[in-house]
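A short worksheet on the structure shown next.
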Amino acid sequence: MLQSDYPDVDVCRLAENTGAAGGFNLATRLAVASGADHIWLMDDDVIPEPQALEQLLAARDELHEQGFAPPFVLSLARAPNGMLTNVPDIDRTRNALDYANWPLQLGRGLAPVRRATFVSILIPKRVFDDHGYPLGSMFIWGEDSEFTLRVTREQPGYLVARSEVTHVRAQPGMLDIRREPPGPRLAWFRFLERNTIYWMLTHQSRRAAMRHARGRLYHALRLTARGKVGKATILCRGIVAGFFFRPDEARFSRSFDQTGIEFLSDDLRSRLTVATGAGPAPHSAEHPPEHPPAIMAEPSNVLQIGR
């Protein structure tokens, strides 16, 4: 249906559900392997303003003129009611006078950031070459935090105030199992806790991870006291799993791994063949899976990927 209704959209469909993290991992590897220079990631419930991408590219060029090569630039996200959402963490680096340096580019509508989301983020190919890809084994929630922390170890990314998107989430606000209604998303909070503990251990400190774990254990005790034993159990399992989680980091390879790919649109298949010298495994259009995990559209040399 996607190919017939939107012929300019490239489609990649997996044989099984690998979660948002698995989709972002495969899609970014696929984009790099097929020759994209920049990759624009966003969630599928994000509506960009008409000039959002243009403003990201303009900000990238401005920063390059000043001698900066940020690992990413990202849009300012708002909820449908206009309130800010998915706000990234400001870079706290201090200048030679020991003052915070983050206001340096405010006059240009730019702010340096570290941890961010994939709500609307533009990443150059070189970043994947140098730092690898989002961790697909995280499944959902946290792969964006881990990736952006990983790639900003040496220099920050930048929030671009004039590039705006609207994030139309079914359940707005910060993820919080205490407010989560019954439903299929509830079990995913185990991944959130596991992944958060992992990226804190990896990119912050064991002390930070332990402090987070203690806070979540307190929430689990409060939930248990209120009779919410199921939610408390999910929290505890995620916390324990986080201290033992050891994901494999996928690296770029000219021999693109096509394992698990069931369908690729013809144009994307041909670009992969030219870029890597070998086309993907045959697909079956007659028996497609029910839900495609990644949809990609290419304006110029920027590949756009949605969760």
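Values quoted throughout were computed directly from the atomic coordinates according to the rules given, and no laboratory measurement underlies them. Every value quoted in this text rests on a predicted model; they were computed, and no experiment measured them. As a convention, Cβ positions derive from the backbone with ideal geometry for all residues, glycine included, and neighbour counts pool all protein chains shown.
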Could you identify which residue out of 27, 225, 58 has the top mean-square fluctuation in a GNM of the chain using Cα springs shorter than 10 Å? 225
Rounded to the nearest 500, what is the chain's calculated 222 nm mean residue ellipticity when only DSSP H runs of at least 4 contribute -39500 (n - 2.57) each, over all residues? -11000 deg cm²/dmol
Go through 6, 263, 155 and say which Cα lies farthest out towards the positive end of the charge dipole of the chain; charges sit on Cβ, +1 for Lys and Arg, -1 for Asp and Glu. 155
Among 244, 118, 128, determine the one that fluctuates most according to a GNM of the chain built with springs between C-alpha atoms less than 10 Å apart. 244
Neighbour cut-off at most 13 other Cβ (10 Å), DSSP loop, GluC sites (Glu not before Pro), region 110-210: 154
Yeah, region 88-156 with a ≥ b ≥ c from its alpha-carbon gyration tensor (a/c under 1.5 is rounded, else prolate when a/b outruns b/c, oblate otherwise) is prolate
Using the Kirkwood formula over every pair of different C-alpha atoms, what hydrodynamic radius in Å results for region 1-148? 17.0 Å
With the contact rule set at Cα under 8 Å and sequence spacing of 6 or more, what percent relative contact order holds for the chain? 33 percent
